[in-house]
1. For a Förster distance of 41 Å, can you work out the FRET efficiency between the beta-carbons of K168 and S76, rounded to the nearest 0.05?
2. For an R0 of 25 angstrom, estimate the FRET efficiency from the Cβ-Cβ distance between H114 and S135 and round to the nearest 0.05.
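Just so it is clear, none of the values below were taken in a lab; they were calculated from the coordinates. In this text the structure is predicted, and so the values were computed from the model without any measurement. Cβ coordinates were reconstructed from backbone atoms using ideal geometry, including for glycine residues, and neighbour counts include every protein chain displayed.
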Amino acid sequence: MADDAISTAPPSRAVTPSDNDLASLTSSMEPLQSIKQLWVWNYLSDVDETYVECNVMNHGGQSCKKRLKKDQTGNSPSFQSPLELCNPNILNILVRRTAITSYLAEVFLFHQEHLQSTIFLQTHKVSFNTDVWTSPNVTAFLAVTAHFLDANWNLTSVLLGLNTIEGKQVIQ
């Protein structure tokens, strides 16, 4: 029953930034981390603009050296059109391959600051709820939700965190 609280807030009351706020965020976006800092680059090295080479060692101690074509799906219309349904200005944001990562990080920071300044500083009573459940593919999740009354006395629920849980969980 507690997991119902996570999805009960109607989309009309969802806490979202306006298009002007997002436009100001994306106007001067810089990647928060280099694409080379991701763990996968421990196993791949650049060959040229189109290919990377696998550096994984096989059982005999030999390097794989297989060439793989770099992913170009971010530039395809089949990738961009569903994103355009969510945000019509998305094509102005997608100008480089790290743009989505930067955009999502900026939107996350915007929401985090919005929650801290607008909601939690102006709301005197906030109720926190946790819920743990297992998905059909046997992945355990832990959610933290905040519930409060907004300025119009509407009950609002905000998902603060959702993490996977590993290992055996026992309640005593």
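1. On the way: r = 42 Å, r/R0 = 1.03.
Once the sixth-power term is evaluated, E becomes 0.45.
2. That gives a FRET efficiency of 0.30.
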